[in-house]
1. Please find, within the stretch 84-125, the residue that is farthest from G73 (Cα to Cα) out of those that are of a type in the set (V, I, T) and in a helix (DSSP H, G or I).
2. Give the residues of the stretch 256-303 that are under 18 Å from E558 (Cα atoms) and assigned to a loop (DSSP other than H, G, I, E, B), sorted by residue number.
3. Find all pairs meeting these conditions: Cβ atoms under 8 angstrom apart; at least six residues apart or on different chains; first residue within the stretch 290-308 and without any contact (Cβ under 8 Å) to a residue 12 or more places away in the chain and more than 17 Å from L350 (Cβ to Cβ); second residue in a helix (DSSP H, G or I) and of a type in the set (D, E, K, R).
4. Scanning the stretch 209-223 for residues that are modelled with pLDDT under 95 and of a type outside the set (A, V, I, L, M), which turns out nearest to N529 (Cα to Cα)?
5. Which of the residues spanning the stretch 342-353 are of a type in the set (G, A, S) and modelled with pLDDT under 95?
6. Are there helices (runs of 4 or more DSSP H) fully within the stretch 450-555 with at least 2 residues that are touching a residue at least 60 places away in the same chain (Cβ under 8 Å) and either among the aliphatic types (A, V, I, L, M) or touching a strand residue (DSSP E or B) at 6+ places or on another chain (Cβ under 9 Å) (or both)? List them.
Amino acid sequence: MQNGRADLASQAIEEYKLALDHDPKSGYLNSGLAELYFKLRRVREAMSAVQDILKKDPDNLEAHKLLGRIYLGSLGGVQNGEQSNEMLNLATAEYMKLVQLEPTSTENHVILGQLYTLAHDTPKAEEQFKAARSIDGDSEDVILNLARLYSEGGDTHRAIETLNSLPPDDRTARTEFALGANYDQMKDMKSAIAAYRRALDLESDNLDSERALAQDLLADGQLDAAMKQYQHISQEDAQDPQAYIRISEIQRRKGQYKEAFATLNRAKALVSESVELSFNEALLDDSLGRYEQATQVLEHLVADTLHANGEYSDGEKNNRTIFLDRLGNEYRERNMTDQAVATYQKMVELGGDAAVRGYQGQVDAYREAKEFDKATAVARTAVEKMPKDVNIELTYAMQLTDTGKVDEGLAIANGLLKDSADEREVHVGLAQIYTRLRRWKEASDEIDKAEKLQSKVDDKVTIPFLRGTLQERQKHYDAAEEQFRKVLAADPNNAPALNYLGYMLADRGVRLDDALGMVRKAVELDPQNGAYLDSLGWAYFKLGQYALAEENLMKAIERMGTDPTVHDHLGDVYEKTGRTRLAEAQWERSLNEYHRSAAADVEPSDVEKLQHKLESAKVRLAKSSPEQSLAPQ
């Protein structure tokens, strides 16, 4: 029959019928005929035959099992496809009967639980999976189903607890993979990586586990380890464009731009259209300073992902948010403030978290352009449109305090302590505001209050980072370093902490090799970050490597041309290498940017040093070439 011998199948059916003519009550013959119909996919006839049996023998276990299998087959399998409620109800009723007839069958409880899951009846599904677990506590299939139920219901902690309850020796790669996926949901990258490694140890040729491991290694900043996995994936599956895209990303982040382009071209040969490929191409263009090309690619991505009706799936909305955010950054780096604001407004139109980021992007764009009134106006509008969003309220409060309306800003922030369910977030925001206002005691008190409310893994880095910033602003450098070291102990790839500590050490000329290593790692983690590039240039300057210092500071200026610090640093490089007139121009620009900046962003002692350097440069230039010093700059 499996070989297509329909004639033999028909003959077998006729023989069953002839036999039943002689013994119509034979359960064996009726079951055999029903089973044959089922194997031949003659579902209606199979159902009819089974139902005939059950009319005569309502508790016939084998008949109920066959009918259950028929219903499941009609569903397209328990895990796949959307079927009518009628068929789902029939299958559910049949397995309820099977559970009554055979209560110690783990399989029956599991299938019934899966059917309840399909019907979105979580309590009943959980009841069946737990019943199965009471029969066979070490059944991997039972554990996986129960954990999946918790995970899909949003209770990731309980899913992980359930999976971990299975003894390690009883686990297969499926359990370890499920653990990795749930740790991913928790943003616990270290545990996810460990789980995926165990999955690969158990099943070394499973490319799904290897892809998940490679992705998490890359997300965790372990570039060399991720590269090793992706290279192996590309060897095992040469038609996988994703592997080449990721390899190209790693090469880009390591500064291997020629190799990155070549690898990206290999991916292009495998896939004609890919938004991810185009996005990585834009990032590569940006890394090479080809900002116009990067902008054009991102503009196309934004246009291509636009839905006229404004309806997007979660995945589509996430992609569009990423593209708009990156395009907004490109415009900001090119000092195209109006275009940046218009782009961020498109994020606002997506609603939810994208809207919050869109409003904050507009505020940041105006702040970088030193258009503080416009930044405040956007923040005010954001509060009106999203009055219950704590981050939006805090952004507005900080904007007010930064622009001199301290009492009004603090009143808004403190008012959130009565209205917000997340007081911890408010205390964190107040700590940042007080730090910027140089009100050290109040900032420290707010950090202490936030720490008492901490409950998430993120607080292991948030609280010490805030304390480190507070101590550094007070020039308590040893205390600041101690706090930043705590952040890095909890998260060795925390780019902001690596950059902050590395810059702080470099600026003081302390442990310069360590400082360079930290900021280089920060840049590797976030190659497009202008502040990190500035820190890298400054570390090279302190080490006396002036060519590398100039190269990285120029890159930083391309990305944050309105920042006074980076112009000050580049002026120091020019002065150190005997180009005093270029140094003077950079220091002039730095001083102008300081004058345009918010008071909270200006350290008076830095401005005083800058003015002294500039005056000294002018004197030297006047002495060396009086007539030249009068020429327009």
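1. T122
2. L288, G289, R290
3. Q293/D285
4. G221
5. G351, G352, listed by residue number.
6. So the answer is none; nothing clears 2.
This table checks each residue for (1) of a type in the set (D, E, K, R); (2) in contact with a helix residue (DSSP H, G or I) (Cβ under 9 Å, 6 or more places away or on another chain); (3) free of Cβ contacts under 8 Å to residues at least 40 places away in the same chain; (4) closer than 30 Å to D216 by Cα.
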{"residue": "P103", "(1), (2), (3), (4)": "no, yes, yes, no"}
{"residue": "L112", "(1), (2), (3), (4)": "no, yes, yes, no"}
{"residue": "Y116", "(1), (2), (3), (4)": "no, yes, yes, no"}
{"residue": "E127", "(1), (2), (3), (4)": "yes, yes, yes, no"}
{"residue": "R133", "(1), (2), (3), (4)": "yes, yes, yes, no"}
{"residue": "S151", "(1), (2), (3), (4)": "no, yes, yes, yes"}
{"residue": "A178", "(1), (2), (3), (4)": "no, yes, yes, yes"}
{"residue": "S191", "(1), (2), (3), (4)": "no, yes, yes, yes"}
{"residue": "A194", "(1), (2), (3), (4)": "no, yes, yes, yes"}
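Yes or no, residue by residue, for (1) buried (at least 17 other Cβ atoms within 10 Å of the Cβ); (2) in contact with a Phe, Trp or Tyr (Cβ under 8 Å, 6 or more places away or on another chain); (3) among the charged types (D, E, K, R); (4) farther than 27 Å from K374 by Cβ:
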site	(1), (2), (3), (4)
L270	no, yes, no, yes
A294	yes, no, no, no
N309	no, no, no, yes
R326	yes, yes, yes, no
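The values are calculated or read from the model by the stated rules, or taken from the named source; none is laboratory data. The structure presented is a predicted model; accordingly, all values stated were derived computationally and were not measured. Here Cβ is always computed from backbone atoms with ideal geometry, including for glycine, and neighbour counts include all displayed protein chains.
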